[in-house]
1. Sort ARG70, ARG148 so that the residue with the fewest other Cβ atoms within 10 Å of its own Cβ comes first and the one with the most comes last.
2. Compute the distance in nm between two label points, each set 7 Å from the Cα along the Cα-to-Cβ direction, one at SER43 and one at TYR153.
3. Which value at 222 nm does the chain reach when only helices count, each DSSP H run of 4 or more adding -39,500 (n - 2.57), with the total divided by all residues and rounded to the nearest 500 deg cm²/dmol?
4. For helix 15-31, report the angle its Cα long axis makes with the longest principal axis of the Cα atoms of the chain; keep it between 0 and 90° and round to the nearest 10°.
5. Which angle between 0 and 90 degrees, to the nearest 10, do you get for helix 59-70 versus the longest principal axis of the chain when only C-alpha atoms count?
6. Just the number, please: Stokes-Einstein D of the stretch 2-96 in µm²/s, Kirkwood Rh from C-alpha pairs, 25 °C, 0.890 mPa s.
7. Which GluC sites (Glu not before Pro) in the stretch 74-155 pass both tests, a DSSP loop state and at most 15 other beta-carbon atoms within 10 Å?
8. Averaging sequence separations of C-alpha pairs under 8 Å and six or more residues apart, then dividing by the length of the chain, give the relative contact order as a whole percent.
Amino acid sequence: MIFSANVFTTHPGHADEFTGLMGNMLVTILEHGVQAAIKVTVSGTDTTEVFINSVFSDMRDFAGATANMRQSAKWVDAYMAIGNSEAVKPVDSFIAEVLPGFDEAPALSEGVIMANMWKPHPGRLADLKGGMAIAKDMHMSHGASSVRAYQLYGGRYNGCFGYNVSFPDMPAMGSWWDAAREDNDKFFDEAGKNPSAEIQAQIIMDNPAVIGK
């Protein structure tokens, strides 16, 4: 399973134009048969960031869909509108490959995503992956709707491994957070004795209030 993200923020004073351009790009991607959605950061970034996320069954699917869109005049127009706008500031772009054991049927998270980016210490990648598998079982048992671990290619977290915990909505995340606190603390107390990776970012994303509605 592959997912990709293009990340943008807006220049002050251009919110209406920015919102329209993001919504138009999402609609254009969906019209080309790609699973896509928009998420907006609510915590963990310097400014509000908008993620246009797409998901694919494998790299062949990703490459074929990308080639198809690049030949589409409508997609080119939507892409150029973003590039020519003073409202839009590009932040990042990357693709990610979901790790075995975390690769349920390709689908995007329906609500809140808590994303954690980890940079493995040299020689400790297997330990990091093993810890993520243990954490998945623990986090699912406390009410997460899904857990995904993945390797990132490109972008500001190039070479990192992401670990996402998803929830239907903010209240569900809050309930999970409180319920999982004791087990989570025990897990990190033990892992911290000989850490396999260093945290690079912790970001909470939610469905947008206006974009893409």
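1. Working: ARG70 10, ARG148 22.
Ascending Cβ contact count within 10 Å gives the list ARG70, ARG148.
2. 3.2
3. Values: 5 runs with 80 residues, N = 213.
Rounded to the nearest 500, it is -12500 deg cm²/dmol.
4. 80
5. Helix 59-70 sits roughly 20 degrees off the main axis of the chain.
6. Details: Rh = 13.8 Å.
Diffusion coefficient, whole number: 178 µm²/s.
7. Within the stretch 74-155, the qualifying GluC sites (Glu not before Pro) (loop, at most 15 other Cβ atoms within 10 Å) are GLU86, GLU104, GLU110.
8. Values: 384 pairs, mean separation 63.0, N = 213.
Once divided by the residue count of the chain, the mean separation gives 30 percent.
No value in this document is a laboratory result; all are computed from the given coordinates. Everything numeric here is computed off the predicted structure, so don't read it as measured data. Backbone-built Cβ (ideal geometry, glycine too); neighbour counts: all protein chains shown.
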